[in-house]
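Colleague: Below is a structure I'd like to ask you about.
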């Protein structure tokens, strides 16, 4: 069961592809104080075809997601070394976080961990500056998502 719309998003601290810690709650607060809405995108595996396609599309339109109103965080269970290689190869400029250990713990807290596959399902959560989940989408491992839906959800927040 995924986190409900209207619920406070579970906070977490994960490292990105450079080993830099990223805490979800650090984006809370008014825009004037640096608060931003967050598009949190869980994906199964770096370098897989659907994941590569999805994250490349996000990078192609990164300005719609990473700006003074919002930010984009991508999360998979891959190690930070895999995340670094993947982000470098694909030219990803947004944080690609590792939920490697404890394995899939953040994906579990969001209700998107597939125990049989040992990876996250394709879960997306739009979280406002107060830390509240305002929109979500869940797809299976092999089902691509439409980033246009994330953009529309963000537009409804401001």
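The values are calculated or read from the model by the stated rules, or taken from the named source; none is laboratory data. Source: prediction; values computed, not measured. No Cβ is skipped: glycine too gets one built from the backbone with ideal geometry, and neighbour counts run over all protein chains shown.
Colleague: Among the listed residues 28, 69, which satisfies the condition of being farther than 17 Å from residue 97 by Cα and crowded, with 18+ Cβ neighbours inside 10 Å?
Modeller: Exactly one of 28, 69 is farther than 17 Å from residue 97 by Cα and crowded, with 18+ Cβ neighbours inside 10 Å, namely 28.
Colleague: Sticking with this structure for a sec: Tell me, yes or no, whether segment 142-152 has at least one residue that is touching a residue at least 24 places away in the same chain (Cβ under 8 Å), crowded, with 18+ Cβ neighbours inside 10 Å, within 15 Å of residue 36 (Cα to Cα) and touching a strand residue (DSSP E or B) at 6+ places or on another chain (Cβ under 6 Å).
Modeller: The answer is yes; a qualifying residue exists.
Colleague: Would you list the strands (runs of 3 or more DSSP E) that sit entirely within segment 1-47 and hold 1 or more residues that are touching a helix residue (DSSP H, G or I) at 6+ places or on another chain (Cβ under 9 Å) and over 24 Å from residue 138 (Cβ atoms)?
Modeller: 13-15
Colleague: Still on this structure, I have one more. Looking at segment 1-24, which of its residues are under 20 Å from residue 123 (Cβ atoms), at pLDDT 95 or above and exposed (fewer than 15 other Cβ atoms within 10 Å of the Cβ)?
Modeller: 4, 5, 6, 7, 8, 11, 13, 23
Colleague: Could you say whether any residue in segment 65-74 is at negative phi, touching a residue at least 60 places away in the same chain (Cβ under 8 Å), outside any strand (DSSP E or B) and in contact with a strand residue (DSSP E or B) (Cβ under 9 Å, 6 or more places away or on another chain)?
Modeller: Yes; the residues of segment 65-74 include at least one that is at negative phi, touching a residue at least 60 places away in the same chain (Cβ under 8 Å), outside any strand (DSSP E or B) and in contact with a strand residue (DSSP E or B) (Cβ under 9 Å, 6 or more places away or on another chain).
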